[in-house]
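First comes the structure, then the notes that go with it.
The values are calculated or read from the model by the stated rules, or taken from the named source; none is laboratory data. Owing to the predicted nature of the structure, the values given are computational and were not obtained by experimental measurement. Here the Cβ positions follow ideal geometry from the backbone for every residue, glycine too, while neighbour counts run over all protein chains shown.
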Amino acid sequence: MPVDTRERYINPYTDFGFKKLFGTEMNKDLLISFLNALLEGEKNEIIDVQYLNSEHLGDGYGDRRAVFDVYCKTRDGSRFIVEMQKAEQSYFKDRSLYYSTFAIREQAPKGEWDYHLDDVYTVGILNFEFPHGEYPSDSYRHEIKLKDVEDNHVFYDKLTFIYLEMPKFTKTEDELETMFDKWMFVLHNLYRLLDRPKELQDRVFQKLFDQAEIARYTETERRQYEESKKVFWDNFSVIKTARDKGLAEGIAKGMAKGLKQGLQQGREEGLQQGREEEAKSVALKLKAMNLPIEQIAQATGLTIAQITSL
């Protein structure tokens with residue numbers, strides 16, 4: 001399968017690209033560097049990680065599964081779930097919380113136990129912005145913990161969610177100051193680059209660019225990447241079309257009810273309709289890939305009945 005000659009490095013937003021760079025034993029130093037940059041000053045330096053089983057079967061009715069992009073444990077027992085979230089989906093926060101429970105429950109040993117838990121981190125690299133302007137336009141790193149609502153102190157510090165809104169990161173090469181800046185720039189721009197920027201001369205980035213260079217791959221790896229890239233761009237196109245269509249139809253309905261009120265209501269209806277159409281379109285593609293209905297429901301937020309009727 002031919003590779004686009006204008007593209008020198010893989011797209012880390014694809015499943016193949018993300019797991020190639022961060023999900024293999026050979027490249028775990030890349031993952032360690034990224035996590036240390038993400039948590040700089042907040043946690044002791046991570047020296048080593050052990051990759052854990054990325055697929056977990058839930059308990060109870062339906063045996064729902066959780067399939068992590070990357071799941072690992074550090075020497076001190078801290079567990080990290082690292083997810084590349086390629087598109088906004090219904091109940092994203094619920095899904096994120098649900099996934100974290102697997103890393104918590106698996107710590108329970110057989111026999112007597114005093115309920116001591118090690119830290120659990122869920123890291124979401126988001127190729128979208130949270131809806132409804134939840135965060136300011138210049139704020140792209142968000143760290144969430146359980147807090148007391150009255151005095152805002154951290155009630156429990158062993159469960160942490162970190163979300164990176166990648167579209168908001170707009171720093172140029174000349175503006176990169178910290179290691180975190182550099183990692184954000186690489187993740188957001190890698191597939192657009194033709195050469196390694198002079199600001200990224202750290203040894204870890206030398207390895208990253210070597211591992212990301214498509215020309216170094218075997219024919220099988222190139223084919224796998226091209227298939228992964230096609231799924232990524234197909235989903236992007238489906239989502240954009242559904243959102244644009246839903247927004248346009250919603251605004252049209254709203255204008256009939258009055259200009260000011262109609263535009264606001266139309267936008268809300270349009271976005272909602274767009275999300276529903278987006279979820280159905282993605283579900284159809286996942287069904288065509290013969291994924292389990294339960295996994296499709298978990299990924300899209302649709303009910304099993306809705307997916308079955310498609």
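Within the range 98-111, the only residue that satisfies the criterion of being hydrophobic (A, V, I, L, M, F, W, C) and closer than 13 Å to VAL82 by Cα is ALA103. Going residue by residue through the range 104-116, is there one that turns out to be buried (at least 17 other Cβ atoms within 10 Å of the Cβ) and on the phi < 0 side of the Ramachandran plot? No: zero hits. Per the conditions (1) modelled with pLDDT under 95; (2) of a type in the set (Lys, Arg); (3) over 19 Å from LEU159 (Cα atoms), the sole criterion not satisfied by LYS20 is (1). Which residue is farthest from the chain's Cα centre (by Cα), if the candidates are limited to the range 96-145 and must be in a loop (DSSP other than H, G, I, E, B) and either in the same structural domain as THR303 (by TED's automatic domain parsing) or of a type in the set (S, T, N, Q) (or both)? Filtering first and then ranking leaves GLN107. Pairs are defined by a Cβ separation below 7 Å, a sequence spacing of at least 6 or placement on different chains, a first member in the range 115-128 that is over 12 Å from LEU35 (Cα atoms), and a second member that is assigned to a loop (DSSP other than H, G, I, E, B) and aromatic (Phe, Trp, Tyr); the pairs so defined are ASN127/TYR13. The set of residues in the range 161-195 being in a loop (DSSP other than H, G, I, E, B) and either more than 25 Å from LYS93 (Cα to Cα) or outside the structural domain of ASP94 (by TED's automatic domain parsing) (or both) consists of LYS171, THR172, LEU176, GLU177, THR178, LEU193, LEU194, ASP195. Restricting attention to the range 146-160, the residues that are assigned to a strand (DSSP E or B) and among the polar types (S, T, N, Q) total 1.
The residues of the range 161-183 that are aliphatic (A, V, I, L, M) and either without any contact (Cβ under 8 Å) to a residue 40 or more places away in the chain or closer than 13 Å to GLU129 by Cα (or both), listed by number, are LEU164, MET166, LEU176.
Residue under question is GLU134, and the condition is that it be within 19 Å of VAL123 (Cα to Cα), among the charged types (D, E, K, R) and loosely packed, with under 11 Cβ neighbours inside 10 Å; does it hold? Here the answer is yes, as GLU134 does meet what is asked. Against the list (1) out of contact with any helix residue (DSSP H, G or I) (no Cβ under 7 Å at 6 or more places or on another chain); (2) in a helix (DSSP H, G or I); (3) at pLDDT 95 or above, the condition LYS93 fails is (3).
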